[in-house]
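The values are calculated or read from the model by the stated rules, or taken from the named source; none is laboratory data. Only a predicted model underlies this, so the values are computations on that prediction, with no experimental measurement involved. Virtual Cβ from ideal backbone geometry, glycine too; neighbours counted across all protein chains shown.
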Amino acid sequence: MDLFAFKTLLFLLSFIGCCAGTDILPTGPVDAILGRNVTLKTLLDKPEFSFLVWNFNGGTEAVNVVTVTKTALKVNPDYQGRVSVNRTNGYLTLASLKADDSGDYSLTLTTETADTTTGEIKLRVLEPVSGVVIKSSVPEAIEKKDTVVLTCSAKGSFLKFTWLNGTTPIVVDGNRLSVEGKELSSALTIRNVYRTDLVGPIYCRVANNLETENSAPFNLTVYYGPEAVTITPSKTPLVLKSGTNFSLTCSAVSSPPATFTWYHNNTIMEIGGPLLTLEKIKEHGLGDKEEPYMCKAENTKTKGTVASSAVSIRVMEGISGVTVTGPKAVLIADNSTANISCQAAAGVVEKRSWMKDGKPLAASARVVFSSDQSSVMINPVQKEDNGEYKCELSNHVSTAQNSYKMVVNYGPEAAMVKGEEKVEVNEEVTLTCSAVSVPPANFTWKFNGTATNVKGPTYVIPGAAYKNSGTYTCEANNVVTGKTTMHTHTLSVNAEGTLDGLSDGAIAGIVIAVLVALGAAIGLIIYCRQKVPCKNEDIDLRVESPY
């Protein structure tokens, strides 16, 4: 029988439903990529058949693809070179797939007993996924103001679109974020866009059952701010030393970066940039008073302007050139008045303190401070006013000091002479005179009222003679105060050996020994009278001198 005639018979049988169908083909559809090969598998295993026929129906009419008998294989001319059949299992392989190869493929198996079995499976020839591109409805956006629509388009068959932020799928809520899908595109709509919505990068993933392709990473600039406008340092008030390398820094969260303008007492200073230096403040003739400064940040894209909190600043010059001046005239105790003054060549003095010899100088009836403590008057001066007077000046930014040493002349006070009053002939005699005095006193000596040539605090007689007996008067004189004090000392020169008697210590020892012996004797008498009859002649009450 002619194969094509038999094919026609099979078509007729299938149309009139005279064939019984069993599962000889798996459940479809089978997807394959355009231009590649595909094998339509069967559920057969070494089937016994007289005829095995593969037909194709693209939606209009059935077309025979290939017919196989035990001895022959007949391929439709339209499929020559693209079709092969495996006789062992009936697999049909189509090479170099075309788009119009999509459709229903049927397999009819006829045995030698004329039993016929038919199965059908759908083949879908898919166009490869390609050309995945994201486009935005706007080139840039303003946060919480603009709506952004991202459109992802691609080529391919049976496409499925997924939006990703980085590697995380974007979850839509149907309100602020929504997605509208079409066959070859998907639109992601973001209303009132946030700065974090499109940081991503954003990807569009397009897939079908056989392929997946991602778009290039996409980023869209979302402008925002300014926010959190702050000045550092923020401590208020700030008192700054003139000439210090100091500046205020204004910062803000903003995209693009904000531009800054500085204000003094709400008046623009025409100073741009994030830094306000001390030098700029002084150039504007400001800073002498404690006044507020603030900055405003502006975003050129969002058109937003936000002001910082105010910071109060005062620029103060450091204290320098401290001088302490006192009396130039000679000061005499009980007779002079001293005025000590403390001044600074530069800087505002906020506090003054006085010290004398390292201790605070206290006011008294004699010590009087001026109202601003810039000077102190001591009236009258006394000897205890001698010493170092230190003045310390300070303000918020500096401390400086200087000192003045004051000399008060006084004395001499009572003169004193130390030395032997009695000496023997030829002994050396040294008399020393002293008197408290500022400046130190000048000493002169008189002997028996007559001036001598001896000057200074010491009068020395190398070898005493009888003629040296008499009165020695020391006169102490202060050339500044003009005062003189004196002291007279009497010296007696005696013959050699006359002063060798018992010393005072020896005499005292003898007296004590006699008293002890006398006490012992009296005690013995009392004891004898109480215990033993004693004869008076047995007791010798005499006390002999050791000499």
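Within the span defined as the range 97-111, every residue fails to be closer than 29 Å to Val253 by Cβ, surrounded by fewer than 19 Cβ atoms within 10 Å (Cβ to Cβ) and outside the structural domain of Thr302 (by TED's automatic domain parsing). Restricting attention to the range 122-138, does a residue exist that is touching a helix residue (DSSP H, G or I) at 6+ places or on another chain (Cβ under 8 Å) and not charged (D, E, K, R)? Checked against the condition, which is being touching a helix residue (DSSP H, G or I) at 6+ places or on another chain (Cβ under 8 Å) and not charged (D, E, K, R), the range 122-138 yields at least one hit.
The set of residues in the range 469-515 that are surrounded by 15 or more Cβ atoms within 10 Å (Cβ to Cβ) and either at pLDDT below 60 or in contact with a helix residue (DSSP H, G or I) (Cβ under 6 Å, 6 or more places away or on another chain) (or both) contains only Val493.
Of the residues in the range 147-161, at least one is more than 27 Å from Pro47 (Cα to Cα), charged (D, E, K, R) and surrounded by 13 or more Cβ atoms within 10 Å (Cβ to Cβ). Is at least one residue of the range 206-222 within 43 Å of the chain's Cα centre (by Cα) and among the β-branched types (Val, Ile, Thr)? Yes, the range 206-222 has at least one match. Within the range 194-225, the set of residues being assigned to a strand (DSSP E or B) and buried (at least 16 other Cβ atoms within 10 Å of the Cβ) comprises Ile202, Tyr203, Cys204, Arg205, Val206, Ala207, Glu213, Phe218, Val222, Tyr223, Tyr224, Gly225.
Considering the range 67-84, and only residues there that are in a strand (DSSP E or B) and among the polar types (S, T, N, Q), the residue that is nearest to Pro47 (Cα to Cα) turns out to be Thr69.
Residues of the range 230-264 being modelled with pLDDT under 95, outside any strand (DSSP E or B) and surrounded by fewer than 16 Cβ atoms within 10 Å (Cβ to Cβ), which ones? Within the range 230-264, Pro233, Ser234, Lys235, Thr236, Pro237, Gly243, Thr244, Asn245 qualify.
Ser469: over 27 Å from Gly497 (Cα atoms) and not aliphatic (A, V, I, L, M), yes or no?
no
Within the range 112-142, restricting attention to residues that are surrounded by 19 or more Cβ atoms within 10 Å (Cβ to Cβ) and under 22 Å from Ser255 (Cβ atoms), the residue that is nearest to the chain's Cα centre (by Cα) is Ala141.
Being within 20 Å of Pro217 (Cβ to Cβ) and at pLDDT 95 or above holds for only one residue in Leu184, Leu150, and it is Leu150.
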